[in-house]
Amino acid sequence: MLAKVMSCAVVGMDGTIVEVEADISRGLPALNIVGLPDKAVQESKERVRSAIKNSGCAFPNRRITVNLAPADLKKEGPAYDLPIAVGILFSSEQLSADISKAMFLGELSLDGALRHTSGILPMVSAAYQGGLSTVFVPASDAMEASLVEGLKVMPINTLSELVGHLRGDITISEYVPCEDWSSLVLSSSRSLMDMADIKGQEHVKRALEVAAAGGHNVLMVGPPGSGKTMLSRSLPGILPQMTIDEAIEVTKLYSIAGLLPADMPLITQRPFRSPHYTISNIGLVGGGYWLRPGEVSLSSGGVLFLDEFAEFGHATLEVLRQPLEDRVVTISRARGSITFPANFMMVGAMNPCPCGYYGDPFKECTCSAAMVSRYQKRISGPLLDRIDIFVDVPHVDYEKLTDDRRGEPSENIRVRVGTAREIQRERFKEVGFACNAEMTPVEVREYCSVESSTQDLLRMAMNQLHLSARAFHRILKLARTIADIEGAASISSNH
């Protein structure tokens, strides 16, 4: 008898419905899985066999063929364990029920228990878009699956429990989330480094406020111990709270990467990723044998902090050029191409030279001119041309370090940043941009109108500094952000 069970595969950011066909026929006892399964899917034979036996059911001692359709789509991961087991039970006539509108997802233990499975959110989204009405998922993943509204989520603890439910012996209750996800995102907060606790560096705080308000990239240069890392780690505290759509997109990425916390199925805080400078190209932009998102995608919607910026490999930094420009990263391999979002703020921090004290008024630099030049040239001109704000971070004086007065709290700065972002969201509601940094030359021409008295200043800067066209647009985008913070309708000279 032939049985068909719905499951799902994850391709990039999206799920693709997979039909699991199970057929039992005469012949020598065997279980064959076809349809481009990877090693983890092939190994499901033994997990499914033991799980069925240990769940009080009989494993058919006949020739079993399982086909994962479409056959030209590579199948990976253990999420097919449950649908294969259910297909075998239906094909052997141990189960009989209408499952034509149901999807089954989950990895099986040898005793029949359901384990946590990565990628549940995009797979459940595919079920909803495919017109299915019910999804059976591991109980530990029910909260994550409930993020998709309009589907009946059935939490399963064991295969025997599912068998009893399909036979009508027991009833599994639909999972009903007790959380209002929208209000949870809007009200969430976490303990972050507060700007008020950072002594001095007021001009750097101002630069970070402007960067946060417009989503601009920043490079901080200064001697060791001047506070570059502390300032960077305080940046998430002044960023506006994510919308529910942004939170779901970030959650999808973390679910695919297997990084979603078990106790929090929805990422409610903007990501802050800080990879070490020894990271590989693949670790930064994504890829691998099975294409997975890298740090530029995992920081999408948040901050990618690159400490010791000049210590990163030259080739590693150069791969950032396309994501910084296009806000997406496309990974192409022989087996296909996948596009991941990469809409992040990049914050770099570096020393001015190998010893760290070039140009320092208090400590003498021990590097030669050639060493300083070679160190600074590790960052190419095209990459520097994609950074909006450059700021020097000097030593902090003793008087400021010992001053008991606190600076302006991050919460106050966050209000101003949120107001500026709201202006930008309203401005770009037709084109779908979130902030000024995403503007193309078309939007710059439309929204970055400059007062006539400011034209001469801009023309003089372009001619004397020999700025590129990208730098010209970058200046206008940055000035537009400063004007938004002040609530100004047009860009003036002080902006």
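The values are calculated or read from the model by the stated rules, or taken from the named source; none is laboratory data. Here the structure is a predicted model, which is why all the values come from computation and not from measurement. Reconstructed Cβ throughout: ideal geometry from the backbone, glycine too, with neighbour counts over all protein chains shown. Surface areas here come from the heavy atoms of the whole protein model, side chains and all, with no ligands, DNA or RNA. Shrake-Rupley method; radii C 1.70, N 1.55, O 1.52, S 1.80 Å.
Filter the range 199-244 for residues that are touching a Leu at 6+ places or on another chain (Cβ under 9 Å) and of a type in the set (Ser, Thr, Tyr); which is modelled with the lowest pLDDT?
THR243
Table: residues versus (1) part of a loop (DSSP other than H, G, I, E, B); (2) open to solvent by less than 30 Å² (accessible area, probe 1.4 Å).
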site: GLU364; (1), (2): yes, no
site: PHE390; (1), (2): no, no
site: ARG414; (1), (2): no, no
site: VAL417; (1), (2): no, yes
site: THR454; (1), (2): no, yes
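Please enumerate the residues belonging to the range 61-99 that are of a type in the set (Val, Ile, Thr) and part of a loop (DSSP other than H, G, I, E, B).
Our first condition is that a residue be of a type in the set (Val, Ile, Thr); within the range 61-99, this holds for 64-66, 84, 86, 88, 99.
Matches in the range 61-99: ILE99 only.
Checking the condition in contact (Cβ under 8 Å) with a residue 12 or more places away in the chain and farther than 28 Å from ALA58 by Cα, which residue from SER146, SER140 passes?
Working: SER140 fails: farther than 28 Å from ALA58 by Cα.
One residue alone meets the criteria, SER146.
Any idea how many residues of the range 323-338 are surrounded by fewer than 16 Cβ atoms within 10 Å (Cβ to Cβ) and closer than 30 Å to CYS353 by Cβ? Steps first, please.
Narrowing the range 323-338 to residues surrounded by fewer than 16 Cβ atoms within 10 Å (Cβ to Cβ): 325-326, 328, 330, 332-337.
Then drop every residue that is not closer than 30 Å to CYS353 by Cβ, which leaves 325.
So the count comes out to 1.
So the check is Cβ under 7 Å with 6+ separation or different chains; which pairs have a first residue in the range 324-351 that's of a type in the set (D, E, K, R) and a second one that's outside any strand (DSSP E or B) and surrounded by 15 or more Cβ atoms within 10 Å (Cβ to Cβ)?
Qualifying pairs under 7 Å: GLU325/ARG386; ARG327/ALA342; ARG327/ASN343; ARG327/GLU438; ARG333/LEU291; ARG335/LYS74.
Run down SER125, SER118, SER109 and say which single residue is of a type in the set (S, T, N, Q) and over 16 Å from ILE156 (Cα atoms). Before you say what the answer is, go through the steps one by one.
Details: SER118 fails: over 16 Å from ILE156 (Cα atoms); SER109 fails: over 16 Å from ILE156 (Cα atoms).
On inspection, the qualifying residue turns out to be SER125.
Within the range 366-375, restricting attention to residues that are part of a helix (DSSP H, G or I) and open to solvent by 50 Å² or more (accessible area, probe 1.4 Å), which residue is farthest from PHE312 (Cα to Cα)? Break it down stepwise before answering.
First, the residues of the range 366-375 that are part of a helix (DSSP H, G or I): 369-375.
Filter once more, keeping what is open to solvent by 50 Å² or more (accessible area, probe 1.4 Å): 369-371, 374.
Details: ALA369: 21, ALA370: 20, MET371: 17, ARG374: 14 Å.
Residue satisfying both the conditions and the ranking: ALA369.
Look through the range 425-452, keep the residues that are closer than 16 Å to ALA489 by Cα and modelled with pLDDT under 85, and return whichever of them is surrounded by the most Cβ atoms within 10 Å (Cβ to Cβ).
It comes out as VAL450.
For TYR277, work out the one condition from (1) part of a helix (DSSP H, G or I); (2) touching a strand residue (DSSP E or B) at 6+ places or on another chain (Cβ under 8 Å) it doesn't fulfil.
(1)
Just need a number here: residues in the range 284-306 that are assigned to a helix (DSSP H, G or I), open to solvent by 10 Å² or more (accessible area, probe 1.4 Å) and more than 24 Å from ALA9 (Cβ to Cβ).
Final tally of qualifying residues: 1.
Going by the structure shown, is SER146 more than 25 Å from GLU43 (Cβ to Cβ), out of contact with any helix residue (DSSP H, G or I) (no Cβ under 7 Å at 6 or more places or on another chain) and open to solvent by 10 Å² or more (accessible area, probe 1.4 Å)?
On the way: more than 25 Å from GLU43 (Cβ to Cβ): yes; out of contact with any helix residue (DSSP H, G or I) (no Cβ under 7 Å at 6 or more places or on another chain): yes; open to solvent by 10 Å² or more (accessible area, probe 1.4 Å): yes.
It is true that SER146 is more than 25 Å from GLU43 (Cβ to Cβ), out of contact with any helix residue (DSSP H, G or I) (no Cβ under 7 Å at 6 or more places or on another chain) and open to solvent by 10 Å² or more (accessible area, probe 1.4 Å).
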